[in-house]
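The values are calculated or read from the model by the stated rules, or taken from the named source; none is laboratory data. Everything numeric here is computed off the predicted structure, so don't read it as measured data. A quick note on method: Cβ atoms are made from the backbone with ideal geometry, for glycine too, and the neighbour counts reach across all protein chains shown.
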Amino acid sequence: MTNMKRIVCSIALSFVCFSANTNNQTEENSSLETERKIALSKTINQYFKARKNADLDLLKQVFSNQARLTTLSPKGLLKVIPLEEYLAVVAHQGKVSAVTTIDYMRIDQNMAFAKITFEYTDKIYVDHLTLIKITDEWRIIHKSFEKVTFQK
């Protein structure tokens, strides 16, 4: 075999090996991404369940104890709500009925973002959640939310 044929064969073999390795990495990354999305969805669905049932213990599990909630006041000013205050509101309101959806999720290693919706009969709450993976569990560390009232 001439030197030129050896070089061409060597390059072709390298390309085939690289392609096979890339495909395996893509499959592994896809599997890992799926596992992450399932775990993140589980936490968000626990949040939905906890809020609908006014389950304060479960809410404390899905939120970091240092979580903060933010919204706008009726006057358009930023309102920061400590987690304990939010839990008191949930306890006061009790069980609620709402259709819940996960509108968007993005995961970047141990940090995630989600847009979710609680649709009640007379209003919709849109939440933007920031979650962090702490000891292999996703926890909500920030919730920005907005109330959208239906126009009659």
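Among all residues of the range 60-74, there is at least one that is of a type in the set (D, E, K, R) and either part of a strand (DSSP E or B) or surrounded by 11 or more Cβ atoms within 10 Å (Cβ to Cβ) (or both). A single entry from 146, 137 fulfils the requirement of being under 30 Å from residue 31 (Cβ atoms) and acidic (Asp, Glu): 137. Counting the residues of the range 95-132 that are in contact (Cβ under 8 Å) with a residue 60 or more places away in the chain and within 23 Å of residue 81 (Cα to Cα) gives 8. The number of residues in the range 134-145 that are modelled with pLDDT under 95 and in a strand (DSSP E or B) comes to 2. Looking across the range 38-94, the residues that are farther than 18 Å from residue 112 by Cβ, aliphatic (A, V, I, L, M) and in contact with a strand residue (DSSP E or B) (Cβ under 6 Å, 6 or more places away or on another chain) come down to 80, 81, 83. Among residues belonging to the range 133-152 that are over 9 Å from the mean Cα position of the chain (by Cα) and hydrophobic (A, V, I, L, M, F, W, C), point out the one that is farthest from residue 46 (Cα to Cα). Top of the filtered list is 150. Inspect the range 39-49 for any residue being in contact with a Lys or Arg (Cβ under 6 Å, 6 or more places away or on another chain), of a type in the set (Phe, Trp, Tyr) and under 22 Å from residue 147 (Cβ atoms) and give the result as yes or no. Scanning the range 39-49 turns up no residue that is in contact with a Lys or Arg (Cβ under 6 Å, 6 or more places away or on another chain), of a type in the set (Phe, Trp, Tyr) and under 22 Å from residue 147 (Cβ atoms).
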